[in-house]
Amino acid sequence: MPLSVPIFAPLAAGLVSALLPRRWARWVVLGAAVFVLGFAIGSMADYPTSGFRLTHVTDTKWIPELGIRYTLGVDGLNLFLIALTAVVWVAALLAAALRDWERPRLFFFHMALAETAVLGAFCAQDLILFVFFFDLMLIPFYFLIGGWGGRRRVAATTKLVIYTLVGSLLMLAGAIALGVLATPDGAHVSFSLADLAQRGVGKGTQEWIFLLFAAAFLVKAPAFPLHGWMPDGYRAAPIEVLIPFSAVLSKVGMYGFLRIVLPIMPDASQHFQELMIAIAVVSILYGSVLAFTQDDARLVVGYSSVAQLGFILLGIFALDLQGKGAEGALLQMVNHGLVVAPLFLIIAALAARTRSGSELLSRMGGMATRAPVLAALFLIVAFATLAMPGSANFTGELLILFGAFSTKIAFGLVATAGVVLAAVYMIRVYQRSMHNRAGPEVESRDLTRGELIPLGALVAVIVALGLYPNFITQRSEDTTQLSTYRPALVACSGIESKDFGRAHFPIGGDIRCGKGYALYLRETP
Amino acid sequence: VSLLAAAGSELGKFHAPHVDWKAMSPLVAVLGGSVVVLAAALLPWRRRQRAVPALLAIVALFAAIGLTIWTWEPGPAKPIVAGALSMDTLTLGISVLFYVAGIATLLLSLRSAVMREAGAGEYSMLLLWSIAGMVLLAGAENLVTLFLGIELLSVPLYILCGIRVREEASLEAGLKYLVVGSVGSATLLFGLAFLYGATASTDLSRIADAIGTTVPLSDPLLLTGIALAATGLAFKASVAPFHQWTPDVYQGAPTPVTAFMAVATKAAAFAVLLRLFDEGLFGAHDDWAPALAALAVTTIVIGNAGAIAQRSLKRMLAWSGVAQAGYMLAGVVVGTRLGLQATAFYLAVYLLMNVAAFAVVIARERVSERGDDIESLEGLGRSSPWLAWPMTIAMLALAGIPATSGFIGKFYLIDATVNGDYAWLGVVIVVGSMMSLVYYLRVLAVMWMGPTRIELPARPGRRVRPVAGWSPEADARAQPEVLFVAVVCAAATVVLGIVPQPLFHLAHDVGSSLSSLL
């Protein structure tokens, strides 16, 4: 099946449902999301357990005048993120379908458009196509938060969109410059990621373009100094919208580092490695500390995401030759998406059990007394979030720290503190809401069927992945190594990437570091 | 007698220049159409048929489009009428924009008060004349034709701006435009005279030959001429700092006329900028490019900053038009074929998105008590989605969001700047787009996210009366033609954002017209 079919299925469903009666819209869009999920499961089953072959390739002309191609493909780098998108959207749409909305057709249309855009961004193998979907995915969220959000939603959504679009527009300028400047004399402009990695640009050019891309990706994450939109945005968004937004959109930026920045700008990646790692570590500490002090349950999750994405960033820029850090980062992207989605569903369930519908931890307490299922599911999710051994998050953080320790040990040691802090803030949330004395407003009751289905499904995925994280790492390790080896080699050998020539790198094989090895690679055909 | 005979023989020696009527045919259709329209207006139409002259004008414009397709031939064309006019693809391509803008304007004014007060015949005829002036301007191969074109374009527009004689604002707009426009024309004329003085020719091709050969690049006459001509054209294109008239005139003029000025006049001004600088003055590229680049930066910053504080949609669109002129100026600055193509491409998409936006403004100001205030759009997403969606698409496209032609257009311009070694100007375009998000998104918020108070600057003490195009009896449901224009333009904006090839082919043909460019 061409990859365009699952990518555009949600959008098509959204358009069709605009013509159907109101109450059908949700089921049509949900059906398309389930179809995407089926496709994702099918391609995971088909995907070989090693190697880095691009599958499901679609490659046609789109705008030949500008050198833009419509190139899509799936490999170990995006396969599991596509699956994450599919899972999270099904859960969010299911949760949304079970409650009433004003203007439901419009709501579900925007949700569907958002899924299409996110899938497109993950599958794109052409830089401009990536930018296209990357910018586009924000627009439905602008309307979703602004149209169906809570208090001060317009200010929040405007702030969010301006913050993130500013980054995206900078990236657009960077992308065009990259494509044009990488073009050798007499050749046609190409924005294909494979061509760009092959052609490369000079170190000085890489550096300023790197900053433009990093701005776009770090805002989206959000990482420490660029997270200003996060608290307002998280507070204003409806939970069902916040789930895909927090679980998936933040990953697109991190994915962009792995897919675009590291392979195409290896020298700049090495040049700014310490800056990025510093941002990562500060995000971990700052996010963890703020998560501990928040009373609003959403913001606990929000700041914990800042910390978790700090870990992911740390893994990506660990730049070890084996690519362990990046491998852990990829696993952790999936893990974080999978824990954030149920956490928000749980917050919605908790809020439904306080009389005022409040999401403040100080108004909760004692929820566990008559809700054993809720308490059990919450406990599993909380343990997964704090990376308890036995969860996939444990494996992910371990790999990230492994990568960091092998190259930047000092930063790795500081980041380890973040693992401890995660335990502190997650256990605090659990205690404040589920244990303690029951608050005056709390009505403890167990999950309804509508709450249980999406939540139970997500927890089942978390448990399954905890039992067998190898499922992801095995299929992705060669691809992550492929995307990190150039900057890693620059980092450890100290020579510029253009001097490697077209060296064939023995992915998965015996790898040594040092100038001599790099030069040996250059000489070897 | 012998004197008379001598005079007669002298007269006999004078040959009228050969006119290539085929190449001229689109222009003839427009001018002939204006005569027919005026004659038709004299017939005693009944009340319900008073729009007939306007419909005839639309027919004339469609004929002009048809003839343009007939005469379309890519590649450099030989100037016609003794070298005065060049009906090449640059002229033809851009003039299609004038025709489309004219058709949209006539449709938008069918039900407006302007048509009733001024008479459909006179109104349509003035519009057609202005379009003829634009075609002349776009095709001018000679400084004299250029000035003739700019005057033929401007004089009918002065009248059109002030055509609602009972409205103070409309008169004010007309007068302001007349005064400022005349200053611009005079400056331009000065500049043209200096150019003639420096190069001893009014032909663009001879000027191009003279620059760098007989006339040194540092010739003060030449430089003064370039500076003054650029200033004069900057008035017409509303390039900052010569833009001050734009918001006032746009707000005061009847809204359909505003829409026409926003898209067609701008396209004409850019057509002549492209031809004058990329053909006639191309040899002096190193002289004028930095100056125009500075103007582009100023325009982008001032335009976007000015738009942020506006309540009136017409003023907002005026300021945004200033900013968009800055983006397009970047395509002129680079002086490459790619820049020419990008500018032509952007003019086309700019037309579509602006006309869609103005159509919605017109539809709302006819029924809303708030006129063209941004609040007139409040809750539009719920009450009339067929107006809200075109406006949404127009705003997203103007902001340069993907899946609209605005994104592709901006992409093309940035691509041209990077290719022309003006990458920093591309970054300025991007920065301008960021600033523009503030006011474009506000329009979306008002339409879709009400009922909530949007933080806006306070309303001015004196209520601005809904001046232009306002007819209380016209109901929102009873203006299908306005809806049609809005929906068609918005749909085209989305389609061209996803399948831009047809427009690229046209832009490519347009780019092939000037042989001087690389």
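Residue check: A:Ser356 meets all listed conditions (1) buried (at least 22 other Cβ atoms within 10 Å of the Cβ); (2) farther than 18 Å from A:Ile284 by Cβ but one, namely (1). Evaluation of A:Trp101 against the conditions (1) in a helix (DSSP H, G or I); (2) closer than 22 Å to A:Ala457 by Cβ shows that the sole unmet condition is (1). If you go through the stretch A:36-89 and pick out every residue that is in contact with a helix residue (DSSP H, G or I) (Cβ under 8 Å, 6 or more places away or on another chain) and assigned to a loop (DSSP other than H, G, I, E, B), you end up with 11.
Per-residue answers, yes or no, for (1) farther than 18 Å from B:Thr255 by Cβ; (2) within 20 Å of the chain's Cα centre (by Cα); (3) hydroxyl-bearing (Ser, Thr, Tyr); (4) surrounded by fewer than 22 Cβ atoms within 10 Å (Cβ to Cβ):
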residue	(1), (2), (3), (4)
B:Leu92	yes, yes, no, no
B:Gly102	no, yes, no, no
B:Leu108	no, yes, no, no
B:Leu127	no, yes, no, no
B:Phe147	yes, yes, no, yes
B:Arg166	no, no, no, yes
B:Val179	yes, yes, no, yes
B:Ser201	yes, no, yes, yes
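On the basis of being part of a helix (DSSP H, G or I), more than 14 Å from chain B (Cβ to nearest Cβ), in contact (Cβ under 8 Å) with a residue 60 or more places away in the chain and surrounded by fewer than 24 Cβ atoms within 10 Å (Cβ to Cβ), does A:Leu93 make the cut? In short, no. Within the stretch A:117-149, the set of residues being more than 13 Å from A:Asn78 (Cβ to Cβ) and more than 10 Å from chain B (Cβ to nearest Cβ) comprises A:Asp126, A:Leu127, A:Pro140, A:Phe141, A:Leu144.
Only one of A:Thr55, A:Thr49, A:Thr85 is under 22 Å from A:Thr479 (Cα atoms), among the polar types (S, T, N, Q) and modelled with pLDDT of 90 or more; which? Walk me through it before giving the result.
Numbers: A:Thr55 fails: modelled with pLDDT of 90 or more; A:Thr49 fails: modelled with pLDDT of 90 or more.
Just one listed residue meets the conditions, A:Thr85.
Condition check for A:Arg99 on (1) away from every other protein chain (no Cβ under 14 Å); (2) closer than 23 Å to A:Arg449 by Cβ; (3) surrounded by 20 or more Cβ atoms within 10 Å (Cβ to Cβ): one failure, at (3).
Applying a threshold of 8 Å to beta carbon distances and a minimum spacing of six or more residues, or different chains, the list of pairs starting in the stretch A:147-169 at a residue that is touching a residue at least 40 places away in the same chain (Cβ under 8 Å) and ending at one that is basic (Lys, Arg) and outside any helix (DSSP H, G or I) reads A:Gly147/A:Arg103.
Restricting A:Arg445, A:Arg437, A:Arg432 to those that are modelled with pLDDT under 90, more than 30 Å from A:Leu98 (Cα to Cα) and basic (Lys, Arg) reduces the list to A:Arg437.
Per-residue answers, yes or no, for (1) more than 9 Å from chain A (Cβ to nearest Cβ); (2) farther than 27 Å from A:Ser168 by Cα; (3) modelled with pLDDT of 90 or more:
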{"position": "B:Tyr439", "(1), (2), (3)": "yes, no, yes"}
{"position": "B:Val443", "(1), (2), (3)": "yes, no, yes"}
{"position": "B:Arg453", "(1), (2), (3)": "no, yes, no"}
{"position": "B:Pro457", "(1), (2), (3)": "yes, yes, no"}
{"position": "B:Val464", "(1), (2), (3)": "yes, yes, no"}
{"position": "B:Gly469", "(1), (2), (3)": "yes, yes, no"}
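Within the stretch B:381-434, can you find the residues that are at the interface with chain A (Cβ under 8 Å from one of its Cβ atoms), more than 30 Å from B:Pro480 (Cα to Cα) and among the aromatic types (Phe, Trp, Tyr)? If the condition is that a residue be at the interface with chain A (Cβ under 8 Å from one of its Cβ atoms), more than 30 Å from B:Pro480 (Cα to Cα) and among the aromatic types (Phe, Trp, Tyr), then B:Phe411, B:Tyr412 are the ones that fit. Hey, could you check the stretch A:45-64 for residues that are over 30 Å from B:Ile408 (Cβ atoms) and without any contact (Cβ under 8 Å) to a residue 60 or more places away in the chain and say which is surrounded by the most Cβ atoms within 10 Å (Cβ to Cβ)? Here the answer is A:Arg53. So is B:Pro241 surrounded by 19 or more Cβ atoms within 10 Å (Cβ to Cβ) and not aliphatic (A, V, I, L, M) or not? Spelling it out, it is not the case that B:Pro241 is surrounded by 19 or more Cβ atoms within 10 Å (Cβ to Cβ) and not aliphatic (A, V, I, L, M). Of the residues examined, A:Gly14 is not one that is part of a helix (DSSP H, G or I), small (Gly, Ala, Ser) and surrounded by fewer than 16 Cβ atoms within 10 Å (Cβ to Cβ). Taking the stretch B:307-336 as the range and being part of a loop (DSSP other than H, G, I, E, B) and either crowded, with 24+ Cβ neighbours inside 10 Å or of a type outside the set (Lys, Arg) (or both) as the test, the residues that pass are B:Ala309, B:Gln310, B:Val334, B:Gly335, B:Thr336. The combined condition, being among the small types (Gly, Ala, Ser), under 25 Å from A:Leu113 (Cα atoms) and either more than 21 Å from the chain's Cα centre (by Cα) or within 14 Å of chain A (Cβ to nearest Cβ) (or both), is not fulfilled by B:Ser368.
Residues of the stretch B:358-374 being in a helix (DSSP H, G or I) and modelled with pLDDT of 85 or more, which ones? It would help to see each step written out before you state the result.
Filtering the stretch B:358-374 down to residues in a helix (DSSP H, G or I) leaves B:358-367, B:374.
Hits for the stretch B:358-374 are B:Phe358, B:Ala359, B:Val360, B:Val361, B:Ile362, B:Ala363, B:Arg364, B:Ile374.
Taking residues in the stretch B:41-70 that are of a type in the set (Phe, Trp, Tyr), and partners anywhere that are modelled with pLDDT under 90 and part of a helix (DSSP H, G or I), the pairs with Cβ atoms closer than 9 Å and at least 6 places apart or on different chains are B:Trp45/B:Val52; B:Trp45/B:Pro53; B:Trp45/B:Ala120; B:Trp70/B:Lys22. Here A:Val189 qualifies as at negative phi and either at the interface with chain B (Cβ under 9 Å from one of its Cβ atoms) or aromatic (Phe, Trp, Tyr) (or both).
Looking for something without any contact (Cβ under 8 Å) to a residue 40 or more places away in the chain and over 24 Å from A:Pro238 (Cβ atoms) - is there at least one such residue anywhere in the stretch A:65-81? Yes: the stretch A:65-81 contains one or more residues that are without any contact (Cβ under 8 Å) to a residue 40 or more places away in the chain and over 24 Å from A:Pro238 (Cβ atoms).
Taking into account only those residues within the stretch A:172-186 that are more than 10 Å from every other protein chain (Cβ to nearest Cβ) and over 17 Å from A:Ser269 (Cβ atoms), which is surrounded by the most Cβ atoms within 10 Å (Cβ to Cβ)?
Within the stretch A:172-186, the subset more than 10 Å from every other protein chain (Cβ to nearest Cβ) is A:182, A:184-186.
Within this subset, residues satisfying the condition of being over 17 Å from A:Ser269 (Cβ atoms) are A:184-186.
Details: A:Pro184: 7, A:Asp185: 4, A:Gly186: 5.
Among those residues, the one meeting the criterion is A:Pro184.
The values are calculated or read from the model by the stated rules, or taken from the named source; none is laboratory data. The model shown is predicted, which means the values in this text are computed figures rather than measured ones. Note: ideal-geometry Cβ built from the backbone for every residue, glycine included; neighbour counts use all protein chains shown.
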